[in-house]
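Here is the structure we will look at.
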């Protein structure tokens with residue numbers, strides 16, 4: 001009976017430890033959003049942008065979250081893109097993909 005109790009305590013402790021490790025390898029929404037906003041602000045400093053916004057976050061898997069990025073340039077051009085935040089083994093990267101622009105009318 002005593003061995004069973006010790007085995008149960010070890011099993012519970014191990015399962016809690018593995019749960020913590022597993023969640024450490026999941027991209028957290030708050031971290032991803034902060035990186036997405038930082039990338040948008042960098043883009044704003046680089047280009048002549050009137051207004052930009054991100055919306056519609058979608059978790060693709062445990063390591064990737066995608067937002068819709070919309071920007072209005074000063075010359076009237078409107079662009080849409082996907083803003084992707086992806087976690088790799090040792091780092092997290094944010095980047096744009098599938099950019100579509102409409103010239104001013």
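What follows is calculated from the coordinates using simple rules that are stated; it is not laboratory data. Since the structure is predicted, the reported quantities are computational estimates derived from the model, not experimental observations. Note that each Cβ is placed from the backbone with ideal geometry, even for glycine, and that neighbours are counted across all protein chains shown.
Going from the fewest other Cβ atoms within 10 Å to the most, the residues 35, 83 appear in the order 35, 83. For residue 29 and residue 78, FRET efficiency with R0 = 25 Å and r from the beta-carbon atoms, rounded to 0.05? With R0 = 25 Å, the Cβ-Cβ based efficiency is 0.40.
Each residue, residue 50 and residue 93, gets one label point 7 Å from its Cα in the Cβ direction; the gap between the two is 3.3 nm. Relative contact order for segment 27-102: 26 percent, from Cα pairs under 8 Å spaced at least 6 residues apart, divided by residue count. Using the Cα coordinates of segment 27-102, the gyration tensor eigenvalues translate into equivalent-ellipsoid semi-axes of 23, 12, 9 Å, sorted from longest to shortest.
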